[in-house]
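The values are calculated or read from the model by the stated rules, or taken from the named source; none is laboratory data. Quick caveat, the model's predicted, so the values are computed rather than measured. Cβ: placed from backbone, ideal geometry, glycine included. Neighbour counts: every protein chain shown.
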Amino acid sequence: MTPDLTLDVQLDLALRLTVGLVLGAVIGFERELHRQPAGFRTHSLVALGAALFTVVSAFGFTGDSVDPTRIAAQIVSGIGFIGAGTILQYRGHIRGLTTAASLWSVAAIGTAAGAGLYVVAVVGTLLILVILSILDRVEAMARRRLQLPPDGYVLPDNEEQDGKSEDLP
């Protein structure tokens, strides 16, 4: 049973989608400036999609035996597949973990916007931007001062496996 969706309610739902899209785009723009594999469009789509799933879950499926949180829970696991696609291993180095985490976080921003939690979504967006931009500079400065190696994770060099997993013969 779908609730009575008056024009005012539908405009509010459209606002929720728009807020999710805009906040995701802001984070995506920051990623785009750093030439990351997932940028402006990807982050925008993830946030909009999460907002849309949240709105549909809350307003499209109602009734006594319906749990609207089930769709929101699936957003979390579904975004894991997209995030995993941004993690790359190249010549023993792993890249894309921060981008995967930002996509996961943007899905949460979209979910908050879709639920109508505008202040939470905006504050979450600001905090993500602090982490991605300001803390990136702090980390770079600390690495220079402490003379730490370049950013990244190095996989152990194990040439005798010929690309096979340790578990397999």
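General observations
- Given (1) loosely packed, with under 14 Cβ neighbours inside 10 Å; (2) more than 19 Å from the chain's Cα centre (by Cα); (3) on the phi < 0 side of the Ramachandran plot, number of the condition Phe59 does not satisfy: (1)
- Of all residues in the stretch 86-132, those being surrounded by fewer than 14 Cβ atoms within 10 Å (Cβ to Cβ), modelled with pLDDT under 95 and not β-branched (Val, Ile, Thr) number 6.
- Evaluated against (1) in a helix (DSSP H, G or I); (2) over 19 Å from Ala14 (Cα atoms); (3) touching a Leu at 6+ places or on another chain (Cβ under 9 Å); (4) not basic (Lys, Arg), Glu139 falls short on exactly one condition, (3).
- Of the residues Leu126, Leu148, the single one that is hydrophobic (A, V, I, L, M, F, W, C), out of contact with any Asp or Glu (no Cβ under 7 Å at 6 or more places or on another chain) and under 25 Å from Val19 (Cβ atoms) is Leu126.
- Candidates Phe59, Phe53: the one that is over 18 Å from Ile109 (Cα atoms), touching a residue at least 40 places away in the same chain (Cβ under 8 Å) and not in a loop (DSSP other than H, G, I, E, B) is Phe59.
- Consider the stretch 1-49 and keep the residues that are surrounded by fewer than 13 Cβ atoms within 10 Å (Cβ to Cβ), out of contact with any helix residue (DSSP H, G or I) (no Cβ under 8 Å at 6 or more places or on another chain) and assigned to a helix (DSSP H, G or I). The one that is modelled with the lowest pLDDT is Leu33.
- Of all residues making up the stretch 82-134, the number that are of a type outside the set (D, E, K, R), outside any helix (DSSP H, G or I) and at negative phi: 8
- Selection within the stretch 62-81 - assigned to a loop (DSSP other than H, G, I, E, B) and within 19 Å of the chain's Cα centre (by Cα): none
- Check on Ala142, surrounded by 12 or more Cβ atoms within 10 Å (Cβ to Cβ) and either under 25 Å from the mean Cα position of the chain (by Cα) or modelled with pLDDT under 95 (or both): no
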